Each structure stands twice: as C-alpha cells, then as structure tokens.
Amino acid sequence: MGLSEGLRRRKRQVDVATSWQRFLWEDEHNPVKAMELVGAVYGPYKPYQLRYGEMEAQNLLIQISAVPLEHGEVIDCVQELSHSVSKLFGLASAAVDRCVRFTNGLGTCGLLTALKSLFAKYVSDFTSTLHSIRKKCKLDDIPPSSLFQEDWTAFQNSIRIIATCGELLRQCGDFEQQLANRILSTAGKYLSDAYSPRSLSAVHDSILTDRKSSAKNPWQEYNYLQKDSPAEYTSLMEMLYNLKEKGSGNHNLLSASRAALTRLNQQAHQLAFDSVFLRIKQQLLLIPKMESWSTAGIGETLTDALPTFSLTPLEYISNIGQYIMSLPLNLEPFVTQEDSALELALHAGKLPFPPEQGDELPELDNMADNWLGSIARATMQTYCDVILQIPELTPHSTKQLATDIDYLVNVMDALGLQPSRTLQHVGTLLKTKPEDYRQVSKGLPRRLAATVAAMRSVDY
C-alpha cells in the first residue's frame, strides 16, 4: 500500500469509527470498549506509520526526480533552475501535510529525514546542472589563441543563477520557521510538562501519571510510537523539548540542508567569477610562452641608453587593462539591481581572492566594488605566478616587463584599487640594477628575489 492510498483508506475508516466515539466515550461503562475500537481502527495502519519516514523519502525522491533542470541551451537551464524553487518547496510543504494527516505529528523524525533526502537530491541535481553549464560555456577550456574577445552572456546567466540561490536560501529559512511552528502545534501535545531529557525514567512515569489522573479522549491521545518505537519516540520528545525551550525561531531542523544550499550559492558565485576572469586568464597564460622575453631585439644593444618611459605596454597587458577598466560598467547593472533574493545571495556568498590582510577597503558595502576588487586581485596574483614561470629575461625584456607591470599598477590606481605587495615586489626587482640587486632584495621575500635573479641572470 502506497502512502497516498494509505491516507485515503485511513480517512475513510476514521470517519466511520468516529461516529461511535460519542456513544462509547460518554458512557462511563465503556472506556475499555472505546480503547478497543481505537486500536481496531488504527491498528492496520501502525506498520505503515512506523515506516512513514522511509515511505515519504521514496515518494519525495520520485517526485523531485521528475523536476527537470538540465536542458540543451544554457538559457533554458537557467530558467528551469529558477522555476524549480517553487516546485521544491511545494513538495516539502506537501510532505509536512501528509505527516500531520497520517501520523498526527508522531512521524516528525521520519519527516525530517525524508526532507533531508529531498534537499540532498535537489542539491545534487542542481550541482550537476552547474557543471553542465560550465562545460557549455567552456569555462574550463582556455583557448590557445591570443585573440581577445569580450562576452558577458555567461556572466549574465550566472547572476540569474545566483539570484535563484538567494531565493532558495530565503524560502528555506521561511519553510524551516513554518515547519518548527507546525511541529510544535501538532506534536507538542505529546510533550509532558514534567519532561526533562536529563531524567528519562521520570519522563515515562510522569506521562503515565498524567494519563491515569485525567480521562483523555483515546481518539486524540492514540500514540503508536511510544510503545512500538521507543527510541524514535525519545528523539521526538527531545526535539519537541528543544523547540519549546529555545523557541521555534532558534532551531536547526534543516541545518544540513541550509548548509548544502549555501554551498550551492558558493558554486554559483565561482561560476560567475570564472565567466569574467576567463578572458583575463587566457591572456595571462600566454606570458611564459612568449619568445620575446629571451630573444634579443633591435633595441637590445641600446638597452642602457633607452629610457623606460619610451617603451609601451605590450598587447596582452593592454587587453587586460582595458577589460578591467570596463568591469565597473558591466558589473554595476547586475549587482546593484533591486532584487532581494540576489542581494541575499551576494551577501551570503564569498568571492575568491579575498583582500590581503591590512588592506584598506572602504568600498566593502558596494557589491560591484567587491567583485571588481576580487577580479583585480586574481589578475595580479595570476600575473605574478606566470611571470615567475618565464625561463629567461634579457635586459631589454626586463625593462619591457617592468613597463607592463607599471601599466597594470596605473590601471589599479585609476580604479581606486591597491596593487598587491607581490606585484610591487616583482616590479621593484625588475627595475633594480644588477649591482644593487643584492642590497635591494634584502627586505623582500627570499624565494621571490631568487627566482627573479635567475630569470635576469643576476648574481644573488
């Protein structure tokens, strides 16, 4: 018998049996017969009620598996992810209603387990869809070509996904609060005033005393769980006690599911970040492979006489600088739009490449500036990493690289951003004359100084 069919049959039998309730219960000579009737009506459902959590989990997993998230086109995937939020919490709310109708609240522990399975399956499917979107947007494939092309479509879609994550977090919080209130209002009646989790023997004694001292309606007091599954009943009592003591607003009924949704939001943030940073990374990864660093050019013989200001930044760094300068214009409309779900998700998420300790960041309240700062720091750190992979620098290419770094530092200054300490150190080491290198490098990181010295063929 399935869960839905069990609910229908139980309702029909209870409707018939309760017609005998007044006759049997009001007659003081028939309490035993009333209890027998209660047992006869509810007895056939006891095996299914005891398995409620397992049955509910199977039911929910079947239904959530029918909710489509993956589609051929990225825009369709994004739309389905958005539509899936209401479907998810619709299923969760329906499960709560079934628990109340079928177990009168006694199956709450099974309900929570089933809900955990529901959210875990949904998060897994959502995560798979994000991986699919990454592949479709080719965010993990760095083109070997030096051709630089801007494309903000992937970022726009990522922002919509982040907004969906914000809606998931918001609705999860609301649902958890409603769930706590529903549990207390439905199953709270089973919690004795004398209950204390520190003295379980006294608990059962107090419950028996309460029931002997007051004649309660057996239809309302029927409790299959206490006798047939004492461990689950104890867990239920502890949960009710904690909800009552701490208040329904201070609970962790769905803490694991909330944590999973928070991680989902983090993945969406990474997707958006990568969609922006991909173009910069593509240019930076070309640097170690550039033959011009170790090849003597026309100006090589004039290196000593050639002033640094006569050099112009190379194309790769010009492309990066112009792209970074365009970021505020492209970021602002998406992260400052009036969308409460998006705002919630943006504040809940963490961007990669956080500020260096001690940096002054007056713009922290501005989400667009936070994104700009994260991308800028990623650029500078990756730039330093690839510079240190250059096998050899001639005197001329050393000056050229120092010019490129100065250009990027000027871009950061123009945007009100601080150049990273490592980038400044690399610039200093590249500008230092060979005869002064040992002295200047004393206050700088030893490994960095040694690597740059080897690139420049400077004694260190």
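Bear in mind that the values in this text are calculations on the coordinates, not laboratory data. The shown structure was predicted, so the numbers you read here are calculated from the model rather than taken from an experiment. Here Cβ is always computed from backbone atoms with ideal geometry, including for glycine, and neighbour counts include all displayed protein chains.
Between Lys433 and Lys46, how many nm apart are label points set 7 Å from Cα along the C-beta direction?
With each label placed 7 Å out from Cα toward Cβ, I get 9.8 nm.
Using 27 Å as the Cα-Cα cut-off, could you pick out the over-long pairs in Lys87/Lys246; Lys350/Lys399; Lys46/Lys246; Lys87/Lys136?
Over 27 Å Cα-Cα: Lys87/Lys246; Lys350/Lys399; Lys46/Lys246.
Hey, can you rank 155-164, 96-105 by average C-beta count inside 10 Å, highest first?
Most protected by this proxy first, the peptides run 155-164, 96-105.
Could you tell me the center-to-center distance, by alpha carbons, between region 347-426 and region 37-102 in angstrom?
The distance from the Cα centre of region 347-426 to that of region 37-102 comes to 49 Å.
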